[in-house]
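Peer 1: Okay, handing you the structure first.
We did not get these values from a lab; they are worked out from the coordinates using the rules stated. What you see is a predicted model; the values in this text were computed from it and never measured. Methodologically, a virtual Cβ is constructed for each residue, glycine included, from the backbone with ideal geometry; neighbour enumeration extends over all protein chains shown.
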Amino acid sequence: MPIISNKNYTVYRDLVRNGGDTISFFGGEYRAGNSPVDNGDPSVGSVEAGSHTAVHRWIGDPTQPNNEDMGNFYSAGYDPVFYVHHSNVDRMWKLWKELGIKGHKEPTDPDWLNASYVFYDENEELVRVYNKDCVNIRKLNYDFIENSKEVFPWRKSRPARRSKNSQVEPTGPVETVDKIKFPVRLNKILKVKVKRPAVNRSEAEKAKANEVLFIKKIRYDSGKFVKFDVFVNDKVKPGEITTPCDPEYAGGFAQIPHNDMRNMFMGSSARFGLSELLEDTNTEGEEYATVTLVPRTGCDDLTVGEIKIQLVPIVA
Ligand SMILES: [Cu+2]
């Protein structure tokens, strides 16, 4: 699949399919006083998890010992492209907000609004910047020069619905998730059936809550690049390959390494929006979803502690 169309599907996944609510888009909450690692593994947000991490990995130089500069936390900011790249992450935030989809709401918690950071300005003076001052980018005296959201090719990049006669029921037994002994090591493909909270939801029910797949308590060596992909209800015929442009591809979990944290294990989790995926794979009526985790790199000692599907209320 050409990289250019693949890219549009990735952005659609980041901004629409996997970013259906505040935490799914921005990521889990980090609170002062809680250690990130012990804090119940806050999830990665879709604004960061897909295209953002892929670009870090793609630009990082594989001939350097730690994929410098963009491919490692300590060195990413040495590359001038880092600032362009993160401006685009900021732009993705704006686009997500302006899509006008119910549930696309910024956090309103005062702890978040009043969180602050210090930076040096152009005069080498220390300045404190609050989250609440960054919500409205016009206050920051810049904008992105685009006024028609309709022009973005990714907006039309919802994967095409799979035709029923191209689907086959998988052969061979697949364990249900309650039979799996967690934590499970992802040194090989893991395929499990996960019970869904509801089947055949009406449009009114879908407007009230998103169906979300949670991969929780992921523990990984933060000194290396890790990535696994997640497929749901993949029923393509044997020999056919499911690509990131197909509806069965839920997304991936990927982390850029910290060079100074080799053999230090970090906790995280991931969320994947299922509502559109189930529609597009003709599987809304199935009691179980078949979830496949495919390790791609660095997963030999990565473990997963929990897999479940829940309804996440959509806050108006
Ligand atoms: Cu980044």
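Peer 1: So how do 86-92, 264-270, 42-48 stack up, highest first, on mean other-Cβ count within 10 Å?
Peer 2: Per-residue mean Cβ counts within 10 Å order the peptides as 42-48, 264-270, 86-92.
Peer 1: Per DSSP H run of at least 4 residues, take -39500 (n - 2.57); add these up for the chain, divide by its residues and hand me the 222 nm value, nearest 500 deg cm²/dmol.
Peer 2: -5000 deg cm²/dmol
Peer 1: Here's something else I'd like to know. Which of the trypsin sites (Lys or Arg not before Pro) found in segment 162-199 are loop residues per DSSP with 12 or fewer other Cβ atoms within 10 Å of their Cβ?
Peer 2: Sites meeting the loop and neighbour criteria: Lys181, Lys188.
Peer 1: Then there is this: Please list 96-107, 111-122 highest first by mean number of surrounding beta-carbon atoms within 10 Å per residue.
Peer 2: Sorting 96-107, 111-122 by mean packing, highest first, produces 96-107, 111-122.
Peer 1: What is the gain in length, in nm to one decimal, between Lys195 and His86 on full extension, counting 0.36 nm per residue of separation less the C-alpha to C-alpha distance?
Peer 2: Full-extension gain reported as 35.5 nm.
Peer 1: Among residues other than Met261 whose Cβ falls under 10 Å from its Cβ, what is the net charge (Lys/Arg +1, Asp/Glu -1)?
Peer 2: Cβ neighbours under 10 Å give a net charge of 0.
Peer 1: Size of the dipole of segment 173-316 about the Cα centre, Lys and Arg at +1 and Asp and Glu at -1 on the beta carbon, nothing else charged, in debye to 20?
Peer 2: In debye, rounded to 20, segment 173-316 gives about 620.
Peer 1: Still on this structure: Fully extended, how many nm does the chain gain between Glu146 and Arg128 (0.36 nm per residue separation, minus their Cα-Cα distance)?
Peer 2: Answer, rounded to one decimal: 3.5 nm.
Peer 1: Something else about it: Extending each Cα 7 Å along its Cβ direction at Val118 and Ser163, get the distance between those two points in nm, one decimal.
Peer 2: Between Val118 and Ser163, the simple spin-label model gives 6.4 nm.
Peer 1: So, one more: Among the listed pairs Lys105/Lys139; Lys179/Lys206; Lys235/Lys308; Lys156/Lys308; Lys181/Lys308; Lys7/Lys206, give every one whose C-alpha distance is greater than 22 Å.
Peer 2: Result: Lys179/Lys206; Lys156/Lys308; Lys7/Lys206 exceed 22 Å.
Peer 1: Between Met264 and Thr108, how high is the FRET efficiency from 1/(1 + (r/R0)^6) when r is the Cβ-Cβ distance and R₀ = 30 Å? Nearest 0.05.
Peer 2: E(calc), rounded to 0.05, equals 0.35.
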